[in-house]
Structures are given as structure tokens and as C-alpha cells.
Amino acid sequence: MTLVVTQATANVSNSSPARGSMDTVSGASWAPSDQLQITFVDNTGTQTTYPTVSANGAGAFSTSITIPAGASTGAATITTRSLSTGADRGLVLSITP
């Protein structure tokens, strides 16, 4: 018997998005049909939670989000979290005006 361990991934299409712009969050190796919560937090701690997305049967997902127009510029994070396991992946962005 062979045990294969895969780690869930999350990515963004633009790591330096402007306030109010669209960005795509995608990932792979999540549990099939897993419910995922995506959260944005700017450098002042202001949090935006997006609607839950579902991973497909292969554990992949892709969704578009809008960076809040009122987000502060500078460092920010986007976190993707599994609602079934609690596993999460965080990404650091640099928000531009």
C-alpha cells in the first residue's frame, strides 16, 4: 500500500491588484466537492468574506472576487479555508491605488 499526501493549493491571477478590481482565486488538491470560504483582509485589518465556493470532483476551484474599493493600499491577505476540515492557505497581495 502506498500513501500519497497532497497539499491543497490556492493562487491568485494578480498579486498586485488595484482597489475595486477583479481578481481570480483558484486552487487544486482540495477534497472533492469541498466547500471553501475565501476571505480578504487589508493591512488595517478590515475583512471581507466572499460567498462560499465549491471544489469540483477533482478538488479544484476557480472564482472571481472584487478587491474592495475602500481597501487600504499595501500588504493584504487572501485566505482560502475548507469548511469541512479547517485547512487553509493564505496568500499575500500588494494592493495598489
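Out of 44, 39, report the one residue that is surrounded by 12 or more Cβ atoms within 10 Å (Cβ to Cβ) and either in contact with a Pro (Cβ under 9 Å, 6 or more places away or on another chain) or among the hydroxyl-bearing types (Ser, Thr, Tyr) (or both).
Unique residue meeting the criteria: 39.
Can you tell me how many residues within the range 1-36 are β-branched (Val, Ile, Thr), surrounded by 14 or more Cβ atoms within 10 Å (Cβ to Cβ) and farther than 16 Å from residue 86 by Cα?
So the count comes out to 2.
I need every pair where a residue in the range 71-97 that is in contact (Cβ under 8 Å) with a residue 60 or more places away in the chain has its Cβ under 8 Å from the Cβ of a residue that is among the aromatic types (Phe, Trp, Tyr) and in a strand (DSSP E or B), sequence separation at least 6 or different chains.
78/40
Any residue in the range 1-13 that is farther than 14 Å from residue 53 by Cβ and at pLDDT below 95 sitting within a Cβ distance under 9 Å of a residue that is basic (Lys, Arg) and surrounded by 14 or more Cβ atoms within 10 Å (Cβ to Cβ)? List the pairs, counting only those 6 or more apart or interchain.
Qualifying pairs under 9 Å: 7/89.
Tell me, please, whether a residue that is farther than 12 Å from residue 8 by Cα, surrounded by fewer than 17 Cβ atoms within 10 Å (Cβ to Cβ) and among the aliphatic types (A, V, I, L, M) can be found in the range 59-82.
Within the range 59-82 (the criterion being farther than 12 Å from residue 8 by Cα, surrounded by fewer than 17 Cβ atoms within 10 Å (Cβ to Cβ) and among the aliphatic types (A, V, I, L, M)), the answer is yes, since at least one residue qualifies.
I need the full set of residues from the range 44-71 which are over 11 Å from the mean Cα position of the chain (by Cα) and either modelled with pLDDT under 95 or closer than 12 Å to residue 24 by Cβ (or both), in order please.
66, 67
The values are calculated or read from the model by the stated rules, or taken from the named source; none is laboratory data. None of the values given here were measured: they were computed from a predicted structure. Neighbour counts run over all protein chains shown; Cβ positions are idealised from the backbone, glycine included.
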